[in-house]
Amino acid sequence: PTDDHGHGTAVAGVVAANANNGVLVAGVDWKCRIMPIKVLNGANSGCYSEWALGVDFARMNGARVINLSAGGATTSTTLTNAINTAIAAGVSFVTVTHNDSSGTIRYPGSLPQAITVGATERNDTRSDFSNWGSAIDLVAPGRQIYTVSGTGGLTNWYGTSFAAPQVAGAAALLLSINPDLGQEELAALLAVGAEDGVGDAQDTAGWDQYFGWGRLNVLNSILLAE
């Protein structure tokens, strides 16, 4: 998928860039299919009403996992209803805490029913830009994430936008093992499989507001699902 900003292309690459092709980057699940739905404009912003239409389109056309690497400062009944309808239909919804270095998780990541992802550094410390709070579920690497570029070759990005698609890719792999998994079951497998206590002092035992249940470990979650 190629968009005019590049953000969507990079996110899609984190989920599903092809592997073993000499390009030196691989997505989490390079066998899954991508349904590119553009809800952000060329300046990387958009309206909740457009996001809701995107969620509805994904659900009605057979998507099993929705990754929304976006967030806002206010809430939306229309978008919340679209997300709830998708989850009730068996679609997994993954989104971000956002990148304000703040203890306030942006909407829709603030929804308890969402799988909400923060970002870490390569040494497992929390990325300083990554928001935290009561709605966080887990974290994944979010700095220097190498992925495909719409103009060819590779590029690297940072942000929770690139941590969330790692979790979305993991959800796709888990669904390939058990297609009957719903949002709650996927969230539980991702949480239990996450590595806890590997970060800095903020990463306390069990759930905490900075790391959630811990840093994504795809293999652990797969083994739990088998």
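The values are calculated or read from the model by the stated rules, or taken from the named source; none is laboratory data. Here the structure is a predicted model, which is why all the values come from computation and not from measurement. In this analysis, Cβ positions are derived from the backbone assuming ideal geometry, glycine residues included, and neighbour counts consider all displayed protein chains. Surface accessibility is based on the protein's heavy atoms, side chains included, excluding ligands, DNA and RNA. Shrake-Rupley method; radii C 1.70, N 1.55, O 1.52, S 1.80 Å.
Within the range 167-189, work out how many residues are open to solvent by less than 30 Å² (accessible area, probe 1.4 Å) and either more than 19 Å from A88 (Cα to Cα) or at pLDDT below 95 (or both).
The total comes to 3.
I'd like to verify a number: residues in the range 62-91 that are within 18 Å of N131 (Cα to Cα) and open to solvent by 60 Å² or more (accessible area, probe 1.4 Å), how many?
Of the residues in the range 62-91, 3 are within 18 Å of N131 (Cα to Cα) and open to solvent by 60 Å² or more (accessible area, probe 1.4 Å).
Within the range 190-226, which residues are surrounded by fewer than 22 Cβ atoms within 10 Å (Cβ to Cβ), free of Cβ contacts under 8 Å to residues at least 40 places away in the same chain and touching a helix residue (DSSP H, G or I) at 6+ places or on another chain (Cβ under 7 Å)?
Of everything in the range 190-226, those that are surrounded by fewer than 22 Cβ atoms within 10 Å (Cβ to Cβ), free of Cβ contacts under 8 Å to residues at least 40 places away in the same chain and touching a helix residue (DSSP H, G or I) at 6+ places or on another chain (Cβ under 7 Å) turn out to be V192, N217, N220, L224.
Can you tell me which residue among G197, G133, G182 is touching an Asp or Glu at 6+ places or on another chain (Cβ under 8 Å) and farther than 19 Å from K31 by Cβ? Write out each step before concluding.
Working: G133 fails: touching an Asp or Glu at 6+ places or on another chain (Cβ under 8 Å); G182 fails: touching an Asp or Glu at 6+ places or on another chain (Cβ under 8 Å).
Being touching an Asp or Glu at 6+ places or on another chain (Cβ under 8 Å) and farther than 19 Å from K31 by Cβ holds for just one of G197, G133, G182, which is G197.
Does any residue in the range 133-161 that is closer than 12 Å to T9 by Cα and among the small types (G, A, S) come within less than 8 Å, Cβ to Cβ, of a residue that is in a strand (DSSP E or B) and open to solvent by less than 20 Å² (accessible area, probe 1.4 Å) six or more places away or on a different chain, and which pairs are these?
S161/V96
hydroxyl-bearing (S, T, Y) and either open to solvent by less than 60 Å² (accessible area, probe 1.4 Å) or within 18 Å of A164 (Cβ to Cβ) (or both): does that describe T2?
Considered against the rule, which asks whether it is hydroxyl-bearing (S, T, Y) and either open to solvent by less than 60 Å² (accessible area, probe 1.4 Å) or within 18 Å of A164 (Cβ to Cβ) (or both), T2 comes out as no.
Please go through the range 183-226 and pick out each residue that is among the polar types (S, T, N, Q), in contact with a strand residue (DSSP E or B) (Cβ under 8 Å, 6 or more places away or on another chain) and within 22 Å of G103 (Cβ to Cβ).
Correct list: Q202 only.
Residue by residue, here is whether (1) open to solvent by 60 Å² or more (accessible area, probe 1.4 Å); (2) part of a loop (DSSP other than H, G, I, E, B); (3) touching a helix residue (DSSP H, G or I) at 6+ places or on another chain (Cβ under 6 Å); (4) closer than 18 Å to T155 by Cα holds:
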| site | (1), (2), (3), (4) |
| --- | --- |
| A19 | no, yes, no, yes |
| L24 | yes, yes, no, yes |
| G27 | no, yes, yes, yes |
| I34 | yes, yes, yes, no |
| L40 | no, yes, no, no |
| N44 | no, yes, yes, yes |
| W51 | no, no, yes, no |
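Does D56 satisfy being part of a loop (DSSP other than H, G, I, E, B) and either closer than 18 Å to L111 by Cβ or touching a residue at least 24 places away in the same chain (Cβ under 8 Å) (or both)?
So D56 does not fit the description; no.
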